[in-house]
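Accompanying notes for the structure given below.
The values are calculated or read from the model by the stated rules, or taken from the named source; none is laboratory data. These figures come from a predicted structure and were not determined experimentally. Here the Cβ positions follow ideal geometry from the backbone for every residue, glycine too, while neighbour counts run over all protein chains shown. When the accessible area is computed, the model is the full protein with side chains, heavy atoms only, and any ligands, DNA or RNA have been set aside. Shrake-Rupley method; radii C 1.70, N 1.55, O 1.52, S 1.80 Å.
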Number of protein chains: 2
Amino acid sequence: MTDPKSNAVPVVPRVEPDRSLLPQIQIEDVRRAATCLQEHAHRTPVITSRTLDDRVGAEVFVKCENFQRVGAFKFRGAYNALAQLEPEVGVLTYSSGNHAQAVALAAAELGRQAVIVMPNNAPAIKRQATSHYLARAKTGSRVVLYDPSTTVRETLGHEIAAHEGLVVIPPYDHPHVIAGQGTAALELFAETGSLDFLLVPCGGGGLLSGSAVTAASVAPGCQVMGVEPKCADDATRSFETGHLHRVYQPPTIADGARTPSLGKYTFAVITEHVAAMHTVSETEIARATLFAWERLKLVVEPSGALGLAGLFKLAQSHILDDQRIGIIISGGNMDPSLVGAIVTRAEASTTDE
Amino acid sequence: MTDPKSNAVPVVPRVEPDRSLLPQIQIEDVRRAATCLQEHAHRTPVITSRTLDDRVGAEVFVKCENFQRVGAFKFRGAYNALAQLEPEVGVLTYSSGNHAQAVALAAAELGRQAVIVMPNNAPAIKRQATSHYLARAKTGSRVVLYDPSTTVRETLGHEIAAHEGLVVIPPYDHPHVIAGQGTAALELFAETGSLDFLLVPCGGGGLLSGSAVTAASVAPGCQVMGVEPKCADDATRSFETGHLHRVYQPPTIADGARTPSLGKYTFAVITEHVAAMHTVSETEIARATLFAWERLKLVVEPSGALGLAGLFKLAQSHILDDQRIGIIISGGNMDPSLVGAIVTRAEASTTDE
């Protein structure tokens, strides 16, 4: 049964993972993406912290995709996808933020037209950055805002794309996007060797899928685990029940994880290669975000701190003791004017467990 | 003449730089400090940013001492100074924050007693961290708070030290402290080779002095420039007039630069080795702090952003065009609850020039 408080609604009809899609996202695709991204994406640093290690009783390696171009891992997948298209082809995407910026910058660098469909409640910092990048892209590039309470972004996006002859590059459910995202974990394992666990934020599942495909080949002993907000637990429910669940506008501070559901590719890959899914409360997300600012000196957005929040939660049960653990900080596009709200949430005397 | 708006008061009697002190701080001392700090201090990363380079029209290398232990360069000088003392010797220091944390952690690691004299208006984040580290130091370690409007910290500190037989480790005016601070620039030049300019925050002048001694030997073509708040411009006035100036409780958001004046060692070294001093307004400091947050994804405290603020200011006059420039981000101990005030200040429609 579905808990009404979770905002989760099982989809009708029942959708099960389609294993026939798996051959489309292999380690060779991730390696090709890594070659494509050389000279274009940053090879982001992996940092360690004695404070963090002492707190969780493990050896932790933090892959800092907040330092990636556009401030999030999304540039990897977007650039890889756009680079595969024929010259002169324009693109369209829909995104609440970081993927929008990523497609905008990739289009600017590759000289393509890009139309970006964004919800009118997307963070201002992400809207502004998207427009900034589009100013350098080809004529016809623009942001189209929509009201998420009345409009289905996929429907609007496909209408515009059909009318203008644009190729849709969805934010996560696309083999080239997933392969691009997998390059972050590829770089991490190249630096750390194998790990016991890898904790990855999960919204639509692109980063988690890419990481899991990569780990399965280059670090097969590593258990890849996804972390998502408790009030946006569609991926956890989908993973655990074996059929796709959705959420409707979940009220999480992790705006990158407000995606309604996994996609057909990400659901298949996650079912095949991910070891476990975990959820964290809003308070736990806020506390992890604040820990990153105060102790790691990293600007991390709440979605980006999901892996760190999962680390703190799992550390309480001691299953991570003395293990070698990777976490991916997925992004740092945090509006500074919202910092006060995060501090307030983190300092809440009771959690929203 | 002294501008009354600047909070600067020329000291009476007139103090001129004492060049006889210079032999006490040589490059060999910095190199010895580097050896002492191996395995104890972090070798902090040097980051680059296309966004930053594009904005200032130069090639910029950012030495990130916000990632240093205790969140600031201060650990270098404090550890180096404490490591030189005989075993069993306890220490005392007075500091508005980062040096306090640094001495506390160094004392904990070296098994010494430490008494830290702090103003009662020091940022909460710095007070808490200092107490946290002291919990691991030797018995008798503690924080002593004082009211900066009624008490001279040096007087109070020396009284307690004399009574308890403690060695005073001042926050900047000490050869071992200055030599330790110089190791940050030593690491920077080792990574980048020579540079045209190096911009360094200046409070009491410890980091600036250490950087200048280092540059004079390992990168003699590099012009080292200090940057301080306009409303706390004692070092600039001292540098330009050739005699020591003081400020009284300057109202700058850069709390690490509220020091009353240079010291006898730092005044001598800065006069000898620094090429120029620059001042920046409170709005410029806030904007640089916010740039670090939003675009570099680095948590930087306002004092830590002084070099970046100086970079933006100097870039306007194009003297930095196409040059290779180092800046040191000196610290990241920023209370997140104060970010809102920084945003407000940065967005001020007029500057406080």
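What the table below lists for this structure:
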quantity	calculated
Scope the range B:201-219; condition outside any loop (DSSP other than H, G, I, E, B) and buried (at least 21 other Cβ atoms within 10 Å of the Cβ); matching residues	B:PRO201, B:GLY206, B:LEU207, B:LEU208, B:SER209, B:GLY210, B:SER211, B:ALA212, B:VAL213, B:THR214, B:ALA215
One residue from A:ALA276, A:ALA292 being farther than 22 Å from A:VAL70 by Cβ, of a type in the set (A, V, I, L, M, F, W, C) and outside the structural domain of A:ALA124 (by TED's automatic domain parsing)	A:ALA276
Residues (without any contact (Cβ under 8 Å) to a residue 40 or more places away in the chain and either crowded, with 22+ Cβ neighbours inside 10 Å or over 25 Å from A:PHE312 (Cα atoms) (or both)) located in the range A:220-240	A:SER238, A:PHE239
Residues satisfying the stated conditions in the range B:134-151, i.e. more than 11 Å from B:VAL115 (Cα to Cα) and of a type in the set (A, V, I, L, M)	B:ALA135
Candidates A:GLY205, A:GLY226, A:GLY221, A:GLY180 - the one that is small (Gly, Ala, Ser), on the phi > 0 side of the Ramachandran plot and assigned by TED's automatic domain parsing to the domain that holds A:ALA34	A:GLY205
The range A:78-97 - residue that is open to solvent by less than 20 Å² (accessible area, probe 1.4 Å) and either at pLDDT below 95 or not assigned by TED's automatic domain parsing to the domain that holds A:ILE160 (or both) and, of those, farthest from B:PHE67 (Cα to Cα)	A:TYR94
Among (1) away from chain A (no Cβ under 14 Å); (2) within 17 Å of the chain's Cα centre (by Cα) - the single one B:ILE329 does not satisfy	(1)
Single unsatisfied condition, A:ALA341 versus (1) under 22 Å from A:LEU188 (Cβ atoms); (2) within 13 Å of chain B (Cβ to nearest Cβ)	(1)
Residue ranges of strands (runs of 3 or more DSSP E) in the range B:241-353 with at least 1 members of a type outside the set (Gly, Ala, Ser) and modelled with pLDDT under 95	B:245-247
Checklist (1) surrounded by fewer than 19 Cβ atoms within 10 Å (Cβ to Cβ); (2) farther than 18 Å from B:VAL177 by Cα applied to B:THR130, failing item	(1)
Test: A:GLY193 is over 14 Å from the mean Cα position of the chain (by Cα) and at positive phi	yes
Residue match in the range B:46-65 (condition: touching a helix residue (DSSP H, G or I) at 6+ places or on another chain (Cβ under 8 Å), surrounded by fewer than 20 Cβ atoms within 10 Å (Cβ to Cβ), over 20 Å from A:LEU296 (Cβ atoms) and not assigned by TED's automatic domain parsing to the domain that holds B:TRP293)	no
Tally, over the range A:313-341, of residues that are out of contact with any Asp or Glu (no Cβ under 7 Å at 6 or more places or on another chain) and open to solvent by 10 Å² or more (accessible area, probe 1.4 Å)	13
